[in-house]
Amino acid sequence: MIKQWMAYAALALVLISGGARADEAFVKKQLAERFPDLPIQGMKAAPVAGWYEVFSGDRLFYVDEKADFVFIGSIVDTKTKRNLTEERIRDLLRVKFDALPFNDAIKIVKGDGKRKIAVFEDPECPYCKKLEAELVQLNNYTLYVFLFPLDQLHPDATNKSKKAWCAKDRAKAWTDLMTKGQVPQNTGDCATPIARNIALAGQLHISGTPAVIFEDGRMVPGAIPKEQIEKFLSEASARKAEPKPQDASKK
């Protein structure tokens, strides 16, 4: 009798909690009413029961099922010590590498050039120069540099970007500019992709430099050391070599 009562109680609890739980549409509606200027790119159930994750811009935050409380911070799995918030943001910001407009980038090939990496850089950004100093120590990769001058921080950034793009040998001009401080000697009055690159950076939620993108779509901000670059390059190559799941319709 007791076991039967416990079974009924458990079932009732499930039904009550299921009925009381708000759905995603309700939470989104509440947020829209309370924060009308908040852009919501995505929403789904959070790793913590009763909460939803909200992706807005390049940020992730959490809201309870009544949209009464917001939590801004990281959720960490205490068993695995994994930062679930950081992992989720990385997945949400993952870039379709092969879809990047490489014709709008300066192409620099080192060694066999098999591995690929893209970066958004400002020629006057000190962290970009630090990143370039790390990159020149590595080999066997192709680097695509998307010129992304931030004139509000560096007034001469666009001028130097134009001169690098208009140089006869763009790869050498850019490398010399970033590692030796040698500004290309030309007028910089050719057609450039700078405006398109700025628009692309906005689409990819890139607001600062450098922003490094690996072939598996991982995007990492900042001047990361050569050891980490090598690690991410290797991981991207391994992931690319993994067999793709077969389409069930073709079986």
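The values are calculated or read from the model by the stated rules, or taken from the named source; none is laboratory data. Worth saying up front: this structure is predicted, and the values here are computed from it rather than measured. Quick reminder, even Gly has a Cβ in these numbers, built from the backbone with ideal geometry, and neighbours come from all protein chains shown.
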Checking the conditions here, which among LEU150, LEU138 is part of a loop (DSSP other than H, G, I, E, B), touching a residue at least 60 places away in the same chain (Cβ under 8 Å) and either crowded, with 16+ Cβ neighbours inside 10 Å or outside the structural domain of ALA223 (by TED's automatic domain parsing) (or both)? LEU138
Can you tell me which residue is farthest from ILE206 (Cα to Cα) among those in region 90-112 that are within 10 Å of the chain's Cα centre (by Cα) and either surrounded by 15 or more Cβ atoms within 10 Å (Cβ to Cβ) or modelled with pLDDT of 95 or more (or both)? LEU92
Looking only at region 158-171, filter to residues that are in contact with a Phe, Trp or Tyr (Cβ under 9 Å, 6 or more places away or on another chain) and of a type outside the set (S, T, N, Q); which one of those is surrounded by the most Cβ atoms within 10 Å (Cβ to Cβ)? ALA164
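Among the listed residues VAL95, VAL145, which satisfies the condition of being part of a strand (DSSP E or B) and touching a residue at least 40 places away in the same chain (Cβ under 8 Å)?
Just a single option satisfies the conditions, and that option is VAL145.
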Within the bounds of region 199-206, is there any residue that is part of a loop (DSSP other than H, G, I, E, B), in the same structural domain as PRO101 (by TED's automatic domain parsing) and of a type in the set (Gly, Ala, Ser)? no
For region 176-193, does any single residue satisfy the condition of being within 17 Å of the chain's Cα centre (by Cα), part of a helix (DSSP H, G or I) and either modelled with pLDDT of 95 or more or not assigned by TED's automatic domain parsing to the domain that holds PRO126 (or both)? no
Scanning region 44-71 residue by residue, the ones that are touching a strand residue (DSSP E or B) at 6+ places or on another chain (Cβ under 8 Å) and part of a strand (DSSP E or B) total 14
